[in-house]
Amino acid sequence: MILPIRLYGDPVLRRGAEEASGDSASIRQLIDDMIETMRGAGGIGLAAPQVGRTERVFVAELAAELRPAEAREQAPEALVFVNPEIIEESDEESEFEEGCLSIPDVVEPVRRPERIRMTYLDRHFRARELEAGGLAARVIQHEMDHLEGVFFVDRISAFRRRLLRRKLREVASGKVEASYALYAGPK
Ligand SMILES: [Zn+2]
């Protein structure tokens, strides 16, 4: 089932997610719905708070060649990360333009560590560890931020953010259009 996506300004996106309590019908359904929602919206990553949930879960869609070697066997399924933790990040950083399904029409360069190492449970709730670089590391870090209530626009310069202030206010008040379903209910 496609779930409506929460917009910047929705309190659930600032709350931070909580440890998922393991394999349950509710988590399996959430994972399936999140993959369907991400694909329907043409996104390459989606975190549970973006659909109004508070479990520490995110999904990502990466072309096989961009996938970390440890995750390549999961193709062609979307990658599923339950209770992820970043355990190591490189000193080396890179800058790349990011966007977010919760902030339509905004793209900004964000500086992040180039490589990370992480632990997580996959969609079968098996404990895994992976190392990622490049786009995979970027998507993972962007989605991990959502689980902490952080947006990519929190990581740009104060100057750049000031230029976006009006746009972000419009998004927060729902004055925005997207090609996918946006959440319009009580927050
Ligand atoms: Zn996002």
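Here are the numbers for this structure:
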{"read-out": "Some residue of the range 21-40 being surrounded by fewer than 22 Cβ atoms within 10 Å (Cβ to Cβ), in a loop (DSSP other than H, G, I, E, B) and of a type in the set (Ser, Thr, Tyr)", "value": "yes"}
{"read-out": "Conditions (1) within 16 Å of Asp154 (Cβ to Cβ); (2) outside any helix (DSSP H, G or I); number of the one not met by Arg14", "value": "(2)"}
{"read-out": "Qualifying residue in the range 45-54 (condition: farther than 23 Å from Lys175 by Cβ, within 16 Å of the ligand (Cβ to nearest atom), modelled with pLDDT of 95 or more and out of contact with any strand residue (DSSP E or B) (no Cβ under 6 Å at 6 or more places or on another chain))", "value": "yes"}
{"read-out": "Residues located in the range 125-154, provided they are more than 15 Å from the ligand (Cβ to nearest atom), within 18 Å of Glu19 (Cβ to Cβ) and not charged (D, E, K, R)", "value": "Phe125, Ala127"}
{"read-out": "Of all residues making up the range 157-175, the number that are surrounded by 11 or more Cβ atoms within 10 Å (Cβ to Cβ), farther than 12 Å from Glu108 by Cβ and at pLDDT below 95", "value": "1"}
{"read-out": "Residue selected from the range 108-124 under the condition more than 17 Å from Gly43 (Cα to Cα) and charged (D, E, K, R), by the criterion nearest to the ligand (Cβ to nearest atom)", "value": "Arg112"}
{"read-out": "Residue match in the range 116-138 (condition: under 17 Å from Arg14 (Cα atoms) and either surrounded by fewer than 18 Cβ atoms within 10 Å (Cβ to Cβ) or modelled with pLDDT of 95 or more (or both))", "value": "no"}
{"read-out": "Residues within the range 11-25 that are modelled with pLDDT under 95 and of a type in the set (D, E, K, R), tallied", "value": "1"}
{"read-out": "Members of the range 31-53 that are of a type outside the set (D, E, K, R) and over 14 Å from Ala17 (Cα atoms)", "value": "Ile31, Met34, Ile35, Thr37, Met38, Gly40, Ala41, Gly42, Gly43, Ile44, Gly45"}
{"read-out": "Cβ pairs under 8 Å, 6+ apart, first in the range 44-57 and within 19 Å of Ala136 (Cα to Cα) and part of a strand (DSSP E or B), second within 9 Å of the ligand (Cβ to nearest atom) and not hydrophobic (A, V, I, L, M, F, W, C)", "value": "Gly45/His142; Gly45/Glu143; Leu46/Glu143; Ala47/Glu143; Ala47/His146"}
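The values are calculated or read from the model by the stated rules, or taken from the named source; none is laboratory data. All figures in this text were calculated on a predicted structure; none of them were measured in a lab. Ideal geometry is used to build each Cβ from the backbone, glycine not excepted, and the neighbour counts take in all protein chains shown.
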